[in-house]
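Everything below concerns the one structure shown next.
The values are calculated or read from the model by the stated rules, or taken from the named source; none is laboratory data. Keep in mind it's a predicted model, so treat the numbers as computed, not measured. Because the Cβ atoms are built from the backbone with ideal geometry, glycine has one as well, and the counts that use them run over all protein chains shown. Accessible surface areas use protein heavy atoms only, side chains included; no ligands, DNA or RNA. Shrake-Rupley method; radii C 1.70, N 1.55, O 1.52, S 1.80 Å.
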Amino acid sequence: MKREGIANLAFEPSSPDLRLQSRVSVSRPRPAPGRPPPECEEGPCGWGSFTPRALQLCNNPEGYLSAYSLLAVFQDTCQVSGTSSANFTCNTSKESSLSNYLYVFILAQLLLGVGGTPLYTLGTAFIDDSVPKHKSSLYIGIGYAMSLLGPALGYVLGGQLLNIYIDAPLQTSTEIEPDDPRWLGAWWIAFLLCCFGTWLLIVPFSCFPKHLPGTAKVQSEKISETHDDGSEAFVEDRNIGKNFKDFPVALLILLKNPVLMCLIIAASTEALVATGFATFLPKFIENQFGQSSSYSATLGGIVLIPGAALGQIISGILVSKYKLDCKNIIKFMLGTCSVALLLNTVFLFSKCGNEPFAGVSETYNGTGKLQNLTAPCNANCNCLRSFYYPVCGRDEVQYFSPCFAGCTSFTVQKRKKTYQKCSCIGLPKRLPDTEEVPFEALAGKCRTQCTFLPLFLGFFFFAVVFTFMAVTPTTVAILRCVPNKQRSFALGVQSVFLRLVGTIPGPILFGVAIDSSCTLWDINKCDIKGACWVYDNSKMAYMLIGISAACKVITIIFIVTAFCLYKPPPDDSATLQKDAETVSAVHM
């Protein structure tokens, strides 16, 4: 007898066709776990119930990107350039209390780092949340490029403010000029201006809602590209990251992600090279090509700032236009780093030899010894090695100072000093147009005979462009290869590694390498070694290309490793094909 009633579907045999139909429904664009956010969190711009209609014009990704960029500009302007010097004596029995203020500066830099890091972690993740996946790289690239304007403005602003005496508000009168070694510039004014500008940006940032309008729709259309190591499901099941006690587990998950760690190490080695050149490129230009320190700094800024900004914007546009997935983004990074490695060989064929320097690279007209500034022609002059004021003789040889050149008189014409009666300076190597030589030495270094400067700047500009073309893709790849809830945390881990492995050791390593090529050190009144006056140009070039090439090779190795280890989430279409084959076999 057939029993009537409501069938219990739990005991009904499952149909392969129904399973296939169910699989088809889930094979469509699969949103990443944890998405989308509730639409109720997509509020208007404003403060509480005060939401002016005009303010809603900024309630979109473009408006947020503008505020993000402005904050990045003001924040990265702590990098203001400044210098100071003062007279001192060799009496160190009484220590100055001013040394205690060093800890104040260290604390200030610590607070600056704590306050600035969220912009590039939470702020970047917020941009990634608010725009379609293929547009994320473009927005991030623009934001990162704008942050480079900060150091550029810092150099310009700092240079102008250093022409103001440090006690300007107190109207302290002084008779010294800015080119006097005792001059102290008003470096502190720039910090106050940047602080004021940064605080003003709190107002626009505080008006944005938790999620921009349309974020829920954008998130629902995104497909997860998390590295398939089981971390995404684990984070979702355990709801990792909701409480602070999850910090150790969340950190361990990221540290065990091989793709993420390879990308972070690659980014850190690139940062090491970038910060090293940002610090010492002006010194390289000054010594290799015989330019003044101010002009060298200007050339360095012209090459570094536009090149870095252009590289990040170009890469953001390319990744966005071609809608590269995580695997292809890593491949794109490999290509840009390889080209940058080739372009860095510019140091090998654009280096310049040293100009003749009396007492360093050659003797005083056959008298004296190398590496000894004192010779018979200036032995009775009682010259001070602590006073470096280079002059160029008519024999096209550079001298440490007019005293070491044996000069006893000088004249000033159009603010330029010319020295006469110099006992150490020989006859001119090229005969003058007139019978009488109008001078024996001119203030300043000898004009270099090297003509490689335009070639070097051109090649190095493109090396900077291709180097920074990997920055934006690296950030995007990091956001893609980790679980959705850990994106900001992953950027925070990257920031720590960039500081510890890249931006902090970079200038130190480059400084040690450059110091190793020094051939003439400054010896002050206390017989203490100070700055370097003369470098071996060839050795300096080889040291820099060696460090740069080694870091680039390490970067490429870790990018290749990340490419090989990356495993995208299972392709639903492949599973769908397998289910279809199973259905066909059942029906047969």
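Listed by first and then second residue, the pairs linking a residue in the range 478-505 that is modelled with pLDDT of 90 or more and of a type in the set (Lys, Arg) to a residue that is open to solvent by less than 10 Å² (accessible area, probe 1.4 Å) and assigned to a helix (DSSP H, G or I), with Cβ atoms under 7 Å apart and 6 or more places separating them unless they lie on different chains, are ARG480/CYS326; ARG487/ALA125; ARG487/ASP128; ARG487/LEU479. Filtered by the rule that a residue be among the aromatic types (Phe, Trp, Tyr) and either touching a Pro at 6+ places or on another chain (Cβ under 6 Å) or within 23 Å of LEU149 (Cα to Cα) (or both), the range 298-338 gives a lone residue, PHE332.
Here is a yes/no grid of residues against (1) of a type in the set (A, V, I, L, M, F, W, C); (2) touching a strand residue (DSSP E or B) at 6+ places or on another chain (Cβ under 7 Å); (3) open to solvent by 20 Å² or more (accessible area, probe 1.4 Å); (4) at negative phi:
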| position | (1), (2), (3), (4) |
| --- | --- |
| LEU520 | yes, yes, no, yes |
| ILE523 | yes, yes, yes, yes |
| TYR535 | no, yes, no, yes |
| SER538 | no, no, yes, yes |
| ALA541 | yes, no, no, yes |
| GLY546 | no, no, yes, yes |
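Within the range 375-395, being in contact (Cβ under 8 Å) with a residue 24 or more places away in the chain and either polar (S, T, N, Q) or closer than 20 Å to THR448 by Cα (or both) holds for ASN378, SER386, TYR388, TYR389, PRO390, VAL391, CYS392, GLY393, ARG394, ASP395.
Any idea how many residues of the range 215-227 are surrounded by 15 or more Cβ atoms within 10 Å (Cβ to Cβ), at pLDDT below 90 and of a type outside the set (Ser, Thr, Tyr)? So the answer is 4.
Among the residues of the range 145-155, are any modelled with pLDDT of 85 or more and in a helix (DSSP H, G or I)? Yes, the conditions are met somewhere in the range 145-155.
In this structure, is ILE240 surrounded by 13 or more Cβ atoms within 10 Å (Cβ to Cβ), outside any helix (DSSP H, G or I), among the β-branched types (Val, Ile, Thr) and at negative phi?
Values: surrounded by 13 or more Cβ atoms within 10 Å (Cβ to Cβ): yes; outside any helix (DSSP H, G or I): yes; among the β-branched types (Val, Ile, Thr): yes; at negative phi: yes.
So ILE240 passes the test.
With the structure loaded, tell me whether ILE285 is crowded, with 21+ Cβ neighbours inside 10 Å, outside any loop (DSSP other than H, G, I, E, B) and more than 17 Å from the chain's Cα centre (by Cα) or whether it fails that test. Taking the combined requirement at face value, the residue satisfies it.
Keeping to the range 485-518, report how many residues are among the polar types (S, T, N, Q), more than 14 Å from the chain's Cα centre (by Cα) and crowded, with 17+ Cβ neighbours inside 10 Å.
Going through the range 485-518, the residues among the polar types (S, T, N, Q) turn out to be 486, 488, 494-495, 503, 516-517.
Keeping just the survivors that are more than 14 Å from the chain's Cα centre (by Cα) gives 486, 488, 516-517.
Then keep just the ones that are crowded, with 17+ Cβ neighbours inside 10 Å; that gives 486, 488, 517.
Counting residues in the range 485-518 that are among the polar types (S, T, N, Q), more than 14 Å from the chain's Cα centre (by Cα) and crowded, with 17+ Cβ neighbours inside 10 Å gives 3.
Against the criterion of being in a helix (DSSP H, G or I) and in contact with an Asp or Glu (Cβ under 8 Å, 6 or more places away or on another chain), THR519 does not qualify. Identify the single condition in (1) over 26 Å from ILE127 (Cα atoms); (2) free of Cβ contacts under 8 Å to residues at least 24 places away in the same chain; (3) surrounded by 15 or more Cβ atoms within 10 Å (Cβ to Cβ) that ILE189 does not satisfy, given that it satisfies every other one. Looking at each condition in turn, ILE189 falls short on (2).
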